[in-house]
Amino acid sequence: MRKYMRFLAAFGFSILFGPPAGAQVAPLIANLSARHTVSLNGAWRAIVDPYDAGSIDYHAHPLRNNSAFYADHKPESKSELVEYDFDNSGQLTVPGDWNSQRESLLFYEGSIWYKTAFDYSLTTGKRLFVHFGAANYKASVYLNGTMLGEHEGGFTPFDFEITGQVRAGNNVLVVLVNNSRKADRVPALSSDWWNYGGITRPVTLVETSGTFIQDYLVQLSKGDQQQLRGWVKLNGPQHRQKVSIHIPEAGVATTLETDANGKADFSVPATLTLWSPEQPKLYDVEISAETDRVTDQIGFRTIEARGTELLLNGKPVFLRGINLHEEAPLREGRAWSNDDARKLLGWAKDLGCNFVRLAHYPHSEEMLRVADQLGLMVWEEVPVYWAIDWENPETLKNVENQLNEAIARDHNRAALIIYSVGNETPVSEARTRFLRALVQDARSLDNTRLISAALQNHETKAGNHITVRIDDPVGNDLDVIGDNEYIGWYVDKPADADAVEWVSDFNKPLIMTEFGGDALFGYHGETDTRWTEEYQEDLYQHQIAMLKRIPFLRGVAPWVLMDFRSPRRTLPKFQDYFNRKGLLTKDGQKKKAYFVLQEFYRDIQAKPEKTLAGQP
């Protein structure tokens, strides 16, 4: 049933709880950089609306007249009562979160209305879409007073077709964004990162031909370095067309014909230089239909799990990783730009990483494209985090849509090797069914990547000996086991890691997806004094000694690259609403533990067989 629903959605049909009558559900358009676009970024007028006065009346009934803020109505007489005015309200920069733009909005959770205006002359026969990189969390979008539709989920792209609504003169685009936390949302009520609200990624007008290349997949077949497989999907009335795939540098060229649904699959042999962290080779790929043409830069590699081995391009690989949030370096707020991505991923490269875990939600498309260019393998995650409404079918549908949108955006990125369906979720039958449904969804959408989740474990003690067992039942469904452990910070002491034996119920590769402890940069003391750089440094030394003894370990990703904001972290002086587990401060200053991890990664690169147990 889910496959059928996704098929309908891909071709523009509203499903069950779609937008109101008259609203247009648009297909998600791949690869905006290859299209004719106009940026709507910049200063937008904004009205802070904590009581939702712009959308409901005093009896909580929806407003349907000029009192609704989306109407952007101006008084037509001196006596007419209108209690809002965009043009005399303040401004917020788009893209950007509202929390970091005004001190008064730092902790704000609720509704804010955005407005911008634009002129556009649409060529006859062309189509026009408005595309949002992301808006956190729920967005309701209106053009010239008419609702285009709604989107739920704060980290994935969405768009609406406005071909029939755009005017040759002035157009008014109004967006209501609400970031309130609710039990049935994803993520739900509690998380350990800042709930940045607003239109947090770029807004773009996208002009296409009447029938255009909506999406495509061009990747190596799973486990086969000599065979390209994929598909092309057209959107528009001219479904049946000849389509060509051309990779000039590799001498690859094939022609296919789309079916009555505008879809065509292909398979073609190819001899390629494979993408890897050591050689992140990207090819120019041209996809041409009779009515449209797009180009992309795509890398080609295989990724597999075989027993406890991880194989990149058929060869064993160890993931030298780090976690990072989408927190901006060198400034406040959420990261979103190419510059942000280059700074964060550049810091990871300097640390010695070949792998990053993008926690705990899909990061911007810029992160994936820069990772492609820099040669960093990527773990991408949907925000199924801690406690979710496991029994609610609408919550599952919400996550499935976010997963679908993330995969649709990123499935041509060579850097992306793992899809994760959750983080630190409590074991129960309902939760396991929920995660298994997501695993099946991810595999049906893209079987060329591995599937994982960051699980938890339980430990038992016998004298000085500690046994940590990985036995979460969802592990049976995963390709790779992720595990979060905080020995030395939340449990036990750093030196207790010396007595730990790790046991797994699964003959699968293990990535230690989180470990670490907090340190305030510049705060020094004895190794047993919390919050000091010395405590964090000592913790990393004991952790690394422990990790070396795990024979089925195939990757590590400590928590976390850089300090980041979190409302849960209230301790004055040491936290001040920051999670301080970063190896770097927001301005890039290195804590002592940074150098411990960097040396470990350099040793792995130089002599892996002597550094890690069980490594080839």
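A few remarks follow.
- Nearest-ten-degree value, helix 365-374 long axis tilted from longest Cα axis of the chain: 50 degrees
- Residues Asp296, Asp477, Asp184, ordered by accessible area of protein heavy atoms at a 1.4 angstrom probe radius and largest first, appear as Asp184, Asp477, Asp296.
- Using the Cβ-Cβ distance between Gln279 and Asn447 with R0 set to 25 Å, the FRET efficiency from 1/(1 + (r/R0)^6) comes to roughly 0.50.
- Mean sequence separation of contacting Cα pairs (under 8 Å, at least six apart), scaled by the length of segment 468-574, corresponds to a relative contact order of 27 percent.
- Solvent-accessible surface ranking, highest first, for Phe158, Phe521 at 1.4 angstrom: Phe521, Phe158
- The accessible surface of the chain, taken with every protein chain in place and a 1.4 Å probe, is 48 percent carbon and sulfur.
- Checking (i) 3, 16, 26, 26, 17, 8, 3, 0, 0; (ii) 3, 12, 18, 18, 17, 15, 11, 5, 1, 0; (iii) 3, 15, 22, 20, 18, 14, 6, 2, 1, 0, 0 against P(r) over Cα pairs in 10 Å bins from 0, in percent calculated from these atoms, the matching label is (i).
- Amide H partners (placed H, <5 Å) of Gln165, local residues excluded: none
- When Glu394, Glu257 are compared by accessible surface with a 1.4 Å probe, the order from highest to lowest is Glu257, Glu394.
- For the chain, relative contact order (Cα pairs under 8 Å, six or more residues apart, normalised by length) works out to 11 percent.
- Segment 328-375: trypsin sites (Lys or Arg not before Pro) in DSSP coil with no more than 15 other Cβ atoms inside 10 Å: Arg331
- Amide proton proximity set for Leu319, modelled H, under 5 Å, gap of 5+: Gly555, Val556
- Averaged per residue, segment 468-616 has 37 square angstrom of accessible surface, using a 1.4 angstrom probe with ligands and nucleic acids left out.
- Rounded, prolate or oblate (a/c below 1.5 giving rounded, otherwise prolate when a/b exceeds b/c) for segment 127-246 by Cα gyration tensor: oblate
- Within the same chain, lysines fewer than 8 places from Lys349 are excluded, and of the rest, those with a Cα less than 16 Å from its Cα are Lys590.
- Counting only heavy atoms of the protein chains and using a 1.4 Å probe, Met147 has close to 40 Å² of accessible surface.
- J(HN,Hα) series, segment 277-284, from Karplus relation 6.51 cos²θ - 1.76 cosθ + 1.60, nearest Hz, glycine and proline x: x, 6, 9, x, 6, 10, 10, 6
- Here is the list for segment 494-547: GluC sites (Glu not before Pro) lying in DSSP coil, each with at most 10 other C-beta atoms within 10 angstrom of its C-beta, are Glu526.
- Rounded tilt (10° steps) of 429-445 against the dominant C-alpha axis of the chain: 70 degrees
- Here the Karplus curve 6.51 cos²θ - 1.76 cosθ + 1.60, taken at θ = phi - 60°, turns the phi angles of segment 412-426 into couplings of 9, 8, 4, 4, 6, 10, 9, 9, 10, 9, x, 9, 6, 8, x Hz, with x standing for Gly and Pro.
- Against the chain, whose longest principal axis is taken from its Cα atoms, helix 533-547 shows a tilt of about 70°.
- 22 Å Cα-Cα threshold exceeded, pairs from Lys78/Lys115; Lys74/Lys138; Lys182/Lys573; Lys281/Lys508; Lys315/Lys548: Lys78/Lys115; Lys74/Lys138; Lys182/Lys573; Lys281/Lys508
- Couplings for segment 480-496, taken from phi via the Karplus curve 6.51 cos²θ - 1.76 cosθ + 1.60 with θ = phi - 60°, read 10, 8, x, 9, 9, 9, 10, 4, x, 10, 8, 9, 6, 10, x, 5, 5 Hz in order; Gly and Pro are left as x.
- Working from Cα pairs under 8 Å separated by at least six residues, relative contact order for segment 327-424 is 28 percent.
- Less than 5 angstrom separates the built amide H of Thr156 from those of Ala135, all sequence-distant by 5 or more or on a different chain.
- Taking 0.36 nm per residue of sequence separation and removing the Cα-Cα distance, the Ser79/Gln373 pair yields an extension gain of 99.8 nm.
- Computed FRET value (nearest 0.05) for His524 with Arg331, which takes r as the C-beta separation and R₀ as 22 Å: 0.20
The values are calculated or read from the model by the stated rules, or taken from the named source; none is laboratory data. Not measured: the values here are computed from a predicted model. Backbone-built Cβ (ideal geometry, glycine too); neighbour counts: all protein chains shown. Quick note on the areas: whole protein, heavy atoms, side chains included, nothing else; ligands and nucleic acids left out. Shrake-Rupley method; radii C 1.70, N 1.55, O 1.52, S 1.80 Å.
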